[in-house]
Amino acid sequence: MNMWWQEPQRIVQTNLRLVDATLDPRLLAQQLRDFGATAMLFNVGGIFSWYPSGLELQAPNPLLDGDRDLVGEMVEAAHAAGIKVIGRYDLSKGTRTAFDKHPDWFCRGLDGKPFVYHGTYQACVNGGWYRAQSLEVMRETLSRYPLDGLFFNRFGYLRTDYSFNKYDVCRCDNCLRAFKAFSGMDLPMTYDPSEPALSDYLRFQDVTSHELRTEFRTLIKSIRPDIAISNNGKHSDFFRGEVNRRLDRNKEWIYHSGEQARTYRSMGSNRIRYSSALTHFVDFPWRYASESGSLQSLRLAQQLANGADPHYYFMGEPLQPDREPLDEVKKIFDLHAKYESRYADLESAASVALYQSAKSARFGSSQSTCAFRGAYQALMDAGIGFDVVHDSRAVDADFVAWHQCYDLIVLPGTDCMSEREAQALDVYVEAGGSLLVIGDVGCRDENGGELSAFRLKSLPVAGEFSRRESMRGGYMRVDASNLLSIDTDVVLMDGPYYEATPKAGAKTTHTVQLPQRFGPPELCYADPECDSSLPGMISWSFGKGQVSYLPWQVDALYFAHCLSPHRELIAGQVKAMSGPAIAELSGASRVEMTVQRQTTTGDILIHIINYSGQSGNGCLEPVTIHGATLNLRNFEGMSGKALVADRPVALEANGEDGIFVATLPPIGTFEVLWFTAGAEVS
C-alpha cells in the first residue's frame, strides 16, 4: 500500500463555489503544480454534488452543464500532474430537497424551527442525513473515483453559523430521545455553564460524534483500505487543522499556527503527519480580502518549525482578486520543495513540554485556555524550546515511555483530570520526570465535577484544599534567598489561590500577602494583618522525580498583563527543573526557536522565527535581526547551512567542553539552519 500521506506534502485547498462549475481541471492542476502543491482538496459531495449523482437527496450543482463529471475530470488531471486529490465533503448541511423529504434529519431550536442558513439546513449528528444519507454518498463516490484522501468540513455539532449567530442546543426528536436514554435527563435549554445537564450533554456530544466517526471510518476502509482519512480524531491517517481570524474573538493569538502544529504532533505521537490550512482570506464575511504576506509567512514558518506540512486555502481557483500574500507564500512552498527530504522523519529535540488539557477547556474553568496560552507565551518570551503534550495521550499505554524524553512537563490550566490521567502523570514523575504545576490542577473530574482533593498523588500538598476566590490587591512576597532575576520584592496576584497543607518533606518558597486596600491613596500601605505564611510555591521529590506547585494563576496573569515577574516565575522554574538545551540563541529577542532531529540521518534542523513585525492582530514586515549567534551542544564534526539565506554556517569551538558557536546570517521572517555530520553541506 502506498501511504503517500506519510511523506512531506504541500497542500492547496480549493473551496469551490457553484460558479466554479465551468473551471478547467487541467489548467487548475497546472496552476497548483506551478504553485508547488503535491496534494489538493477538491469538492466532491455533501450539500451539493460536483459529479452526476444517482442519489435522490444529493443535490447537484445547478450550474454544472448536463451530466458533466467535474470530480472525475479533476482527479484525472491532477493525477496526470502528479498531484494527490483529497476529496472535500461538507456533510453538515442539506438543501430544501432533503429537508422536505426528511425534516426529522435536521437540527431544531427551542422554537422548533430548523437551523437555516442561505437555504441550507443544519444536519443533526443523530439524524438520518449524517447516519444514512452521508454513508450513501461515501459508497457512491468511493466506488467511482480513485481519490487519495478524504476531508469532512464542519463535521459534528456546531455552535454558530457563518455569521457567528449562535445556535441553540438541538432539540429535534432524535436528540430528545437519545439524550434521555444516555443520561436520564432532559436536554439543557442553553449552553450556559449554569445549566445542570450541560456537562452530560457535552459528553453526549463527544460520544455520539465518536460513534459517527467510527462508523464513517469502518465503511470507508471497507471500500478503500488504501485511502487516507483526516478529521477523524486520534484515529485519523493525517491531521488537518485550520488557521484564520474570527470576528467573535477579541484578540487574535499570534502563535495559533504553531500551537496547532505542536498539538497535532503530540496527538499523533510523531507518527502521523499534519498540517493546518491557512485561509487566504481574513474571515468569513470577506472571503476575497487577503491576509498580509507578512502574517502568512509568519504562520507558515511556525508550521515548518513544528513539523507540519505547508497548507494553503483559497476560495475557488488560485487567481484571486487580492493577491498580496501569494509571492511570500510561494517562497515558502519553494523552500519546502527544495529541501523536502530535510522535512521527512523529523522529531522534536525539546526537553520541555507544555501540557494541554482539552477536557479542561471544554468542561472546566473559563480561564483554562488563558492559563495554557499564558504559560505558552512565557516560554516563548523566555526563549525556551518546548513541545505540547495533549491530554488525550495520557490514557495511552505508551505515555510514560514516550514522554520520558522530557525533563519537565508544565501543567497550566488543568483543572479537569481523570483518575487514569493522574496515574499516568504520577508514574512519569516516579520514573524520573519533573512537573511544574500551576493553579487549579486536578480539582475537577474529567467531566467538570468538583473534587475536594487534588487527583495528583505527586503534588506536594496533602488532603483537601480550599479555594480563595479572589486575590485582587494581594501579592507574592519574594524570598530574599530566592530572588527573581528582576529587581522586585513583590509580584502581583489576582484570581483564585488554592490553599492546602504541604506534605511532610515539602519545601515552601515565597509567601503571600493577602489582598490589601488599594484606595483611597492615603490608605494604600502595607497592613501587617495581610501578611500570611501561605506559600507562593511548594516543591518536593516524588520517586525519582521532582514536582513544584504554584498554587495561583501566574499563567493566566501573564496572558492578561505580560508582566516580567510572572514570566520569570514560570521560566526561571522551568530552567531550574530541566537540563541544558541543545541550542541557545543570543543576540535576538521576540523570536521562536525550535530544534528538530531527523530520525533517519541524525541531522538537526533549527528554525528561528522573527516576531518583531507583530502589530496588534496583524503583522508588518519584521525588523531584520543581525549578529545573532547559536551556542550548540554536542555538534562536534557537524557542518551547517542557512537554508533561507542559502549560505554555509561555520561552527567554532568556544573553549567550553562540547560547546560550539554558530554566527547566523541576517534573519528576516525566519531562518532554517541545517546541521549534518560528515561532509560539509553545500
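Residue count for segment 384-429 satisfying the condition of being modelled with pLDDT of 95 or more, in contact with a Phe, Trp or Tyr (Cβ under 9 Å, 6 or more places away or on another chain) and surrounded by fewer than 17 Cβ atoms within 10 Å (Cβ to Cβ): 1.
Here residue 288 meets the list (1) open to solvent by 50 Å² or more (accessible area, probe 1.4 Å); (2) part of a helix (DSSP H, G or I) almost entirely, failing just condition (2).
Set side by side, the residues 69, 100, 90, 65 differ, and just one is closer than 20 Å to residue 122 by Cα and in contact (Cβ under 8 Å) with a residue 12 or more places away in the chain, which is 90. Figure legend. Inter-residue proximity from segment 464-493: first residues without any contact (Cβ under 8 Å) to a residue 60 or more places away in the chain and closer than 30 Å to residue 365 by Cα, second residues open to solvent by 90 Å² or more (accessible area, probe 1.4 Å) and not in a strand (DSSP E or B), beta-carbon distance below 6 Å, spacing 6+ or different chains. Indicated pairs: 473/518; 478/489.
A quick yes/no check of all residues on (1) assigned to a loop (DSSP other than H, G, I, E, B); (2) touching a Pro at 6+ places or on another chain (Cβ under 7 Å); (3) of a type in the set (Val, Ile, Thr):
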residue	(1), (2), (3)
328	no, no, no
331	no, no, no
341	no, no, no
361	no, no, no
370	no, no, no
379	no, no, no
392	no, no, no
400	no, no, yes
406	yes, no, no
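Scan segment 495-510 for residues that are surrounded by 15 or more Cβ atoms within 10 Å (Cβ to Cβ) and polar (S, T, N, Q) and the total you get is 2.
Let's see how each residue does on (1) under 28 Å from the mean Cα position of the chain (by Cα); (2) of a type in the set (Lys, Arg):
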residue: 590; (1), (2): yes, yes
residue: 612; (1), (2): yes, no
residue: 620; (1), (2): yes, no
residue: 626; (1), (2): no, no
residue: 633; (1), (2): no, yes
residue: 639; (1), (2): no, no
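Of all residue pairs spaced 6 or more apart or on separate chains, those with beta-carbon atoms under 7 Å, a first member in segment 140-166 that is of a type in the set (Phe, Trp, Tyr) and a second member that is open to solvent by 30 Å² or more (accessible area, probe 1.4 Å) are 151/231; 152/231; 155/231; 162/117; 162/284; 164/247; 164/248. The condition of being in contact (Cβ under 8 Å) with a residue 12 or more places away in the chain, out of contact with any helix residue (DSSP H, G or I) (no Cβ under 8 Å at 6 or more places or on another chain), surrounded by fewer than 19 Cβ atoms within 10 Å (Cβ to Cβ) and under 16 Å from residue 390 (Cα atoms) does not hold for residue 244.
Residue 601 passes every criterion in (1) crowded, with 18+ Cβ neighbours inside 10 Å; (2) hydroxyl-bearing (Ser, Thr, Tyr); (3) out of contact with any strand residue (DSSP E or B) (no Cβ under 6 Å at 6 or more places or on another chain); (4) in contact (Cβ under 8 Å) with a residue 40 or more places away in the chain apart from (1). Scanning segment 179-207 for residues that are crowded, with 19+ Cβ neighbours inside 10 Å and either in contact with a His (Cβ under 9 Å, 6 or more places away or on another chain) or farther than 20 Å from residue 361 by Cβ (or both) yields 179, 187.
Might you let me know whether segment 308-323 holds any residue that is part of a helix (DSSP H, G or I) and out of contact with any strand residue (DSSP E or B) (no Cβ under 6 Å at 6 or more places or on another chain)? Checking segment 308-323: not a single residue is part of a helix (DSSP H, G or I) and out of contact with any strand residue (DSSP E or B) (no Cβ under 6 Å at 6 or more places or on another chain). Consider segment 162-174 and keep the residues that are under 30 Å from the mean Cα position of the chain (by Cα) and under 26 Å from residue 229 (Cβ atoms). The one that is most open to solvent (accessible area, probe 1.4 Å) is 162.
Filtering segment 120-141 for residues that are open to solvent by 40 Å² or more (accessible area, probe 1.4 Å) and closer than 18 Å to residue 50 by Cα leaves a non-empty set.
Against the list (1) at pLDDT 95 or above; (2) more than 23 Å from residue 267 (Cβ to Cβ), the condition residue 205 fails is (2). State which residue is nearest to residue 541 (Cα to Cα) when the search covers only segment 430-456 and only residues that are modelled with pLDDT under 95 and among the polar types (S, T, N, Q). Restricting to residues being modelled with pLDDT under 95 and among the polar types (S, T, N, Q), the top hit is 452. What about residue 33, is it within 34 Å of the chain's Cα centre (by Cα), surrounded by 22 or more Cβ atoms within 10 Å (Cβ to Cβ) and under 23 Å from residue 311 (Cα atoms)? Against the criterion (within 34 Å of the chain's Cα centre (by Cα), surrounded by 22 or more Cβ atoms within 10 Å (Cβ to Cβ) and under 23 Å from residue 311 (Cα atoms)), residue 33 does not qualify. Filtered by the rule that a residue be part of a strand (DSSP E or B) and touching a Pro at 6+ places or on another chain (Cβ under 9 Å), segment 587-608 gives no residues. Candidates are the residues of segment 355-371 that are among the aliphatic types (A, V, I, L, M) and without any contact (Cβ under 8 Å) to a residue 60 or more places away in the chain; the one that is surrounded by the fewest Cβ atoms within 10 Å (Cβ to Cβ) is 358. For segment 628-673, name all the residues that are in a loop (DSSP other than H, G, I, E, B), out of contact with any helix residue (DSSP H, G or I) (no Cβ under 8 Å at 6 or more places or on another chain), modelled with pLDDT of 95 or more and open to solvent by 20 Å² or more (accessible area, probe 1.4 Å). Hits for segment 628-673 are 645, 646, 666, 668. Against the numbered list (1) free of Cβ contacts under 8 Å to residues at least 60 places away in the same chain; (2) within 26 Å of residue 4 (Cβ to Cβ), residue 185 comes up short only at (2).
Applying the criterion of being charged (D, E, K, R) and buried (at least 24 other Cβ atoms within 10 Å of the Cβ) to the residues of segment 254-272, the residue that is farthest from residue 610 (Cα to Cα) is 265.
Consider segment 427-448. How many of its residues are in contact (Cβ under 8 Å) with a residue 40 or more places away in the chain and over 25 Å from residue 378 (Cα atoms)? The number of residues fulfilling the criteria is 6. Quick one: in segment 448-491, which of the residues that are of a type in the set (Gly, Ala, Ser) and open to solvent by 50 Å² or more (accessible area, probe 1.4 Å) is nearest to residue 200 (Cα to Cα)? Filtering first and then ranking leaves 452.
The values are calculated or read from the model by the stated rules, or taken from the named source; none is laboratory data. Just so we're clear, the structure is a prediction, and the values are computed from it rather than from any experiment. Cβ atoms come from the backbone with ideal geometry, glycine included; neighbour counts cover every protein chain shown. Areas reflect the complete protein model, heavy atoms only, side chains present, ligands, DNA and RNA absent. Shrake-Rupley method; radii C 1.70, N 1.55, O 1.52, S 1.80 Å.
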